[in-house]
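The values are calculated or read from the model by the stated rules, or taken from the named source; none is laboratory data. Predicted model only: the values in this text are computed from it and were never measured. Neighbour counts are summed over all protein chains in view; Cβ atoms, including those assigned to glycine, are modelled from backbone coordinates with ideal geometry. Calculation scope for accessible area: heavy atoms of the full protein, side chains included, ligands and nucleic acids excluded. Shrake-Rupley method; radii C 1.70, N 1.55, O 1.52, S 1.80 Å.
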Amino acid sequence: MRALPLLLAACHAPSADTGADTGPDTAEDPAVLAVAVGENGAIWERRDAGWVAVDPPVDRCIDPDACTPDEMLATTRLLGLNSVALLGPREALAVAGSGLILHRRADGSWERIDDAASPVLSAVAADPAGAAGGVAVGVGPDGGAWSWDGADWTPTDSPVEGAEIDGVAVALRDVALAGDAGVAVGGTFDDAEGEPEGVLLELRDGAWTLARDRQDRTLLAAGMAEGLALAGGFSLSGVDPAPNLLREVAGGDWEPTGEALPWRQDVTGIDVVDGETALAVTDGGALAKTASGGLLARYEAGAWTVLALGGELPASWPDAPGALDAACALADGGIVLAGDQRLVEGDGATW
């Protein structure tokens, strides 16, 4: 079968300090160390023995030799998975902008949540080791926020639900959770002046509040662990690079984390490993800013360091790897990169 490539858009792995006990990986009780999802219902699970592709619990047609263009388009529209969250070592949620929500049950099988009350979500997050263990939060393209108790979705008041900035609707694009605290980010792609603006929300004591509004760029990614919360997004086109990664500081304020990442790249994914360390990836100039490949950067000791990719990636990944959509830090110190129809694992030096 000549199937279409499955672009992987998101991954999630519990960080090293979660204390999650995965136990032995067996066919009857398969634990997962990380999950990656993407276009056309692509699901990959990182188990003890390596990466395993899993068929989604939804019919799909991705073979150009057997499917009509309409059937393939319907698959793409329904099964564009863009966010995933592990609820624990054996459960996960994955969501698509079409309103599709998939649930990985503890027995290793995936099911579709068919509930008319389920929301349309752009991102989902959970903290397997936090006070809200087993519970997820989600945010939507209408600025709404939701919580999941393991069975039902409940709307949570969001200060930007249905909001507009200069006549353009605000969308929430990513969310992160650490215990019962969270961060959500988003904004507009274009306002009346032709420049995107962003919003940043914080979850405290069960309520979302606007932490910082009227950002000078849309925020696309968020990451959080106890002691460290980060947000990142668009660079500013047409000007010298400016810091597009923010860190929460004492008092609930947010400030740039240091110098901008090079080449005016948009930050597309953040994974906060612990209170001092994080990973971030960029789009590689996918929005016509540059022709370079995506970047992987590590945050340590209050500063970002860009890790070389290019020739150190496997031969299957082009020298200019294109957009990187997500990075996940495994509990054993490994790093997973997802994007550009590739999924690779390494230690930051070899892949």
Residue satisfying all of: in region 35-81; charged (D, E, K, R) and part of a loop (DSSP other than H, G, I, E, B); nearest to the chain's Cα centre (by Cα) among these: Asp55
Those residues of region 82-99 which are in contact with a strand residue (DSSP E or B) (Cβ under 7 Å, 6 or more places away or on another chain) and either of a type in the set (Phe, Trp, Tyr) or in a loop (DSSP other than H, G, I, E, B) (or both), in sequence order: Leu87, Glu91, Gly97
Region 40-84, residues that are more than 21 Å from Val95 (Cβ to Cβ), in contact (Cβ under 8 Å) with a residue 40 or more places away in the chain and open to solvent by less than 30 Å² (accessible area, probe 1.4 Å): Asp63
Restricting region 262-282 to residues that are part of a loop (DSSP other than H, G, I, E, B) and open to solvent by less than 10 Å² (accessible area, probe 1.4 Å), the residue that is modelled with the lowest pLDDT: Gln265
Residue count, region 181-209 (criterion: assigned to a strand (DSSP E or B) and either of a type outside the set (Gly, Ala, Ser) or within 14 Å of Gly223 (Cβ to Cβ) (or both)): 13
Region 141-180 - residue that is out of contact with any Gly (no Cβ under 7 Å at 6 or more places or on another chain) and part of a loop (DSSP other than H, G, I, E, B) and, of those, farthest from Leu228 (Cα to Cα): Gly167
Selection from region 155-185 of residues that are in contact with a Leu (Cβ under 7 Å, 6 or more places away or on another chain) and surrounded by fewer than 21 Cβ atoms within 10 Å (Cβ to Cβ): Pro159, Ala181
So Val344, is it at pLDDT 75 or above, within 18 Å of Cys11 (Cα to Cα), surrounded by fewer than 23 Cβ atoms within 10 Å (Cβ to Cβ) and of a type in the set (Val, Ile, Thr): yes
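Conditions tested, residue by residue: (1) modelled with pLDDT of 85 or more; (2) touching a helix residue (DSSP H, G or I) at 6+ places or on another chain (Cβ under 9 Å); (3) under 19 Å from Leu201 (Cβ atoms); (4) exposed (fewer than 15 other Cβ atoms within 10 Å of the Cβ).
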| residue | (1), (2), (3), (4) |
| --- | --- |
| Asp114 | no, no, no, yes |
| Ala126 | yes, no, yes, no |
| Asp149 | yes, no, no, yes |
| Trp153 | yes, no, yes, no |
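This table checks each residue for (1) open to solvent by 10 Å² or more (accessible area, probe 1.4 Å); (2) at pLDDT 75 or above; (3) under 26 Å from Cys328 (Cα atoms).
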residue	(1), (2), (3)
Gly187	no, yes, yes
Asp190	yes, no, no
Leu203	yes, yes, yes
Leu210	yes, yes, no
Gln215	yes, yes, no
Ala221	no, yes, yes
Glu226	yes, yes, yes
Phe234	yes, yes, yes
Asn244	no, yes, yes
